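The values are calculated or read from the model by the stated rules, or taken from the named source; none is laboratory data. Note that the structure is predicted; figures quoted are calculated from it, not measured. Cβ coordinates were reconstructed from backbone atoms using ideal geometry, including for glycine residues, and neighbour counts include every protein chain displayed.
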Amino acid sequence: MKTEHLYSRRFFLKTAAAFTALAALPSTVKAFYQEVKNFIVPAKQTLPLVVTINKKEYQLSADTRTTLLDLLRENLQLTGTKKGCDHGQCGACTVHVDGERVLSCLTLAAMLPGKKVTTIEGLAVGDKLHPMQQAFIECDGFQCGYCTPGQIMSAVACVKEGHTRSVAEIKEFMSGNLCRCGAYNGIVESIQKVAR
Amino acid sequence: MKPFAFTKAESLPKTLSAKKETTQFIAGGTNLLDLMKKHISQPDELVDITSMLSDKIEAHKKGIRIGAMVRNSTVTLDANILTNYPLLAKAILAGASPQIRNMASAGGNLLQRTRCPYFYDITTPCNKRQPGSGCSAVEGENRMSAIIGYSEQCVAVHPSDFCIALAALDAAVVVTQSNQKNSTIPFSDFHRLPGSTPQQDTNLPANALIHSIEIPVNDFHKNCAYVKVRDRDSYAFALVSVAAALDLKGNTIQEARLASGGVAHKPWRWYEAEQYLKGKEANAVHFKEAAAMAAKDVKPLAHNGFKKLMLQGAIETALQNCLTT
Ligand SMILES: Cc1cc2nc3c(=O)[nH]c(=O)nc-3n(C[C@H](O)[C@H](O)[C@H](O)COP(=O)(O)OP(=O)(O)OC[C@H]3O[C@@H](n4cnc5c(N)ncnc54)[C@H](O)[C@@H]3O)c2cc1C
Ligand code: SF4
Ligand code: FES
Ligand code: FES
């Protein structure tokens, strides 16, 4: 442990010295350093964006790499939408774009202008919960609650799409939302309750 | 992800002529963004082609044309497809999740890359990801890998369900080349076998766009089925899948189609079994024989011997299901 500390301290001092030396160098050398740096660490690119989320228009500037999920959570502090896997495999990040359920972790923010996003924060009207939110509470549709925003967004779409004719159909059309706590029975009941 | 420039395509000629080797087109993004996050695909520039290509399903005298930007879920809801080409909807509904199907485009579905675990793990050798580095799966963990048509260089399987149905229905892919001319590639020639160049999944010309997919009129709509066997019942890629279609007159098979996913580097047609079924009565004995005929050609690897019997069972089941659905 100790040697590691010493090593990193020495490393820090050395690098700091290198940077100080760099400041004293003529500008052509600095330009060369910039070029090398850009080659190794490509510069990030930003993009001006106008996006509509929960009926509110936001004007922002974001790194081109920003996914809708990161835009919501990191840039706009709309942390209701959860990051489970970040690779399209769990459904925790489900939101609605133009009324359809999609995965925000595989959606680029840059592709959103002109579209309307709805997140879990946009479902309730004032203090009045959306019927699906109410149903999840009444039917024990969650345990830890981490998958729940994604489950609810997906469930609202599932009802709208009409895929609620049987338990088997609900399960098939909710299969894109995993729940590690296994609250599946309560989730199916919540959907049946709202669909009725 | 590596930083990249982002542009929205505004005209087809400009889009095609400006494409460099380090440019990637993005449609639904469900495969590309995943690969970019894992540093498997590292474009310098992304071009959003979503408003450049048709999102319409058009019927004409000889069949239907599905625009490259038609969402996978739209295919499963289209009245014409549900009546005349239901196999397409059945296959799509067996894949991914409702959210992903809402995002995924028809063109992107054809170009999705393999799910071989080593292809996804950039710390391991993989000829598809890094040509010449070797294949980790051929002697490694190959439970999900191919059982036919593979090479020593790559034993990966093609992951799409939609493509299996398209292969069975003799579809064709209309591509717009960089000189803006359209050409048509028969579906059986669109995807490749790995051979010594596994880095190339398809025969789509460099810098070309998928314009649309053509499916010819057929008489398979009454008797077709898609069977997908996987590790869990939904939201998982196929271990083995079968698209089966029969054109029946009374109980006599006029034409049969059998294609499989999860078995090869491209959607695989079982031509010999199809030929065998032609002119036969549609019954369990003939279905069993056809399934055995297909399975006799496969050569499983160390960990996927189970796929042979699985394939046989899936073919029999799919043919039986053709009679009940
Ligand atoms: C968790 C998960 C599970 C899945 N399960 C299944 C499954 O069970 N079965 C199944 O079949 N699929 C499954 N998929 C894959 C999914 O179907 C594909 O990711 C999707 O079809 C790709 O379409 P896209 O429009 O999102 O493509 P993109 O990601 O936008 O593009 C994919 C590639 O195609 C290129 N491209 C796209 N459109 C065109 C065009 N018109 N012309 C030229 N190039 C183009 C892009 O440049 C890119 O290289 C799954 C995906 C995920 C994430
Ligand atoms: S099977 Fe193909 S994709 Fe998988 S490790 Fe080998 S070369 Fe790579
Ligand atoms: S975080 Fe998007 S699907 Fe898991
Ligand atoms: S409630 Fe805990 S993951 Fe679903």
Restricting to the range A:150-196, and then to whatever is acidic (Asp, Glu) and surrounded by fewer than 16 Cβ atoms within 10 Å (Cβ to Cβ), can you tell me which residue is farthest from the other protein chains (Cβ to nearest Cβ)?
A:GLU169
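Listed residues A:GLY80, A:GLY91; which is within 16 Å of ligand 4 (Cβ to nearest atom), at positive phi and not assigned by TED's automatic domain parsing to the domain that holds A:CYS179?
The match here is A:GLY91.
Please work out if A:HIS96 is away from ligand 4 (no atom under 16 Å from the Cβ), outside any strand (DSSP E or B) and at the interface with chain B (Cβ under 10 Å from one of its Cβ atoms).
Numbers: away from ligand 4 (no atom under 16 Å from the Cβ): yes; outside any strand (DSSP E or B): no; at the interface with chain B (Cβ under 10 Å from one of its Cβ atoms): yes.
No; evaluated as a whole, the condition is false for this residue.
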I need a count of the residues in the range A:114-149 that are surrounded by fewer than 19 Cβ atoms within 10 Å (Cβ to Cβ) and within 16 Å of ligand 3 (Cβ to nearest atom).
3
Determine whether B:ASN84 is more than 14 Å from chain A (Cβ to nearest Cβ), surrounded by fewer than 21 Cβ atoms within 10 Å (Cβ to Cβ) and away from ligand 1 (no atom under 16 Å from the Cβ).
yes
Looking only at residues that are assigned to a helix (DSSP H, G or I) and buried (at least 18 other Cβ atoms within 10 Å of the Cβ) in the range A:69-93, which one is nearest to ligand 1 (Cβ to nearest atom)?
A:LEU69
Of the residues in the range B:93-124, how many are without any contact (Cβ under 8 Å) to a residue 24 or more places away in the chain, touching a strand residue (DSSP E or B) at 6+ places or on another chain (Cβ under 7 Å) and away from every other protein chain (no Cβ under 14 Å)?
1
Flag for B:ALA79 being out of contact with any helix residue (DSSP H, G or I) (no Cβ under 9 Å at 6 or more places or on another chain) and more than 16 Å from ligand 4 (Cβ to nearest atom):
yes
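Go through the range B:101-123 and count every residue that is assigned to a helix (DSSP H, G or I), within 16 Å of ligand 2 (Cβ to nearest atom) and more than 18 Å from B:ILE164 (Cβ to Cβ).
Matching residues across the range B:101-123 total 4.
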Filtering the range B:40-51 down to residues that are under 23 Å from the mean Cα position of the chain (by Cα) and part of a loop (DSSP other than H, G, I, E, B) yields B:ILE40, B:SER41, B:ILE49, B:THR50
Please pick out the residue among B:LEU53, B:LEU32 that is within 11 Å of chain A (Cβ to nearest Cβ) and either more than 17 Å from B:VAL217 (Cα to Cα) or modelled with pLDDT under 95 (or both).
B:LEU32
